[in-house]
Amino acid sequence: MGKHLATKDGFATEEYIEYFRSVARGGVAALVTGIQVIDPTWHYISDRQTWLCDDKYIPGLKKLTEAIHGEDCLIFFQPWHSGQAGQPTGVGAARPKTCNDFSIEEIHQIQDMWFQASRRAKEAGADGIEFHCAHTYLPSQFLSPLFNHRTDAYGSNNVENSMRFTIEIIQRIQKELADDSFMVIAKINGDDFAEGGTDLERARQACILLEREGVKMITVNGGGAITRVECMSDNGVQPEGWKVPLAEGVKSVAWCGMP
């Protein structure tokens, strides 16, 4: 989750590093950084997160990975694009484009940003990236019929097309970056908790595709920045473990190599 401890222009600070080191020292096996900006020109919504959009960020992030590995813990970076969940900045600023507005060329440009961010993650020593396909951010928007009204190969008329944006990025990462020390894991909505959005059955079908592409682990959550935030980050009202059935539903079809 976002900790807002980086500089405003995306550099890791000692405070940021020490926060994660303290978590690793507690005995966890692996942790994920939380969202990391891949396009600083976008209407990103989370201030003081680390950025992955330039090689200049690699040295600071390398200090982070070394600190975490020093505590015998794995660390995964989380490249992120908010899509239409971004907020316009400045007087008279336009709303962000939706997944329906992108040309094919623009889709490929964003995909390349994702790949380059993943390359930087590897060069910084991360153990892999978590592909963030949850919480109604851009990949989640492509998957969800509530947001995706395209009629081309990236449309939501079937799960294969709606996952194409995500799968094409993962395929390139697997081909050019993945090895014994760098892997892809994923995070996905088991339910958007919004009428017409991604539901558990759609998520199950999507996770079969993720597993087929060699994704090693899938985290299942729900809700989102532009549907129901309280279903993304709990407000303490729901009973403990209330989203476990979503994970169980995914695990019944996608085991990611687990026995």
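The values are calculated or read from the model by the stated rules, or taken from the named source; none is laboratory data. Only a predicted model underlies this, so the values are computations on that prediction, with no experimental measurement involved. Glycine also receives a Cβ, built like all others from the backbone with ideal geometry; neighbour counts cover every protein chain displayed. Note: areas computed on protein heavy atoms with side chains; ligands, DNA, RNA excluded. Shrake-Rupley method; radii C 1.70, N 1.55, O 1.52, S 1.80 Å.
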| Taking the Cα centre of each part, how many Å lie between the range 156-215 and the range 1-79? | 23 Å
| Which of the pairs LYS8/LYS187; LYS8/LYS97; LYS97/LYS251 have their Cα atoms more than 31 Å apart in this structure? | LYS97/LYS251
| request: Over all alpha-carbon pairs of the range 140-259, lay out the pair-distance distribution in 10 Å bins, whole %, shortest bin first. | output: 14, 42, 34, 10, 0
| task | Choose one answer from ILE58, ILE104, ILE226: the residue with the largest mean-square fluctuation in a GNM of the chain with alpha-carbon springs under 10 Å. | result | ILE104
| request: Can you work out the accessible area per residue across the chain, with the rest of the protein chains kept in place, probe 1.4 Å, in square angstrom? | output: 45 Å²
| task | Take every Cα pair under 8 Å in the chain that's 6+ residues apart, average their separations, divide by the length, and report that relative contact order as a whole percent. | result | 15 percent
| task | Please sort 133-146, 198-211, 16-29 by packing, taking for each peptide the average over its residues of neighbouring beta carbons within 10 angstrom, highest first. | result | 133-146, 198-211, 16-29
| query | Using a probe of 1.4 angstrom, how much of the accessible area of the range 117-211 is carbon and sulfur, in percent? | reply | 46 percent
| Rough spin-label spacing in nm, given labels placed 7 Å along Cα→Cβ, for VAL28 and LYS216 | 1.7 nm
| the chain - convex hull of alpha carbons, volume per residue in Å³ | 138 Å³
| When the helices in the chain are scored as -39500 (n - 2.57) per DSSP H run of 4 or longer and the sum is shared across all residues, what 222 nm value do you end up with, to the nearest 500 deg cm²/dmol? | -10500 deg cm²/dmol
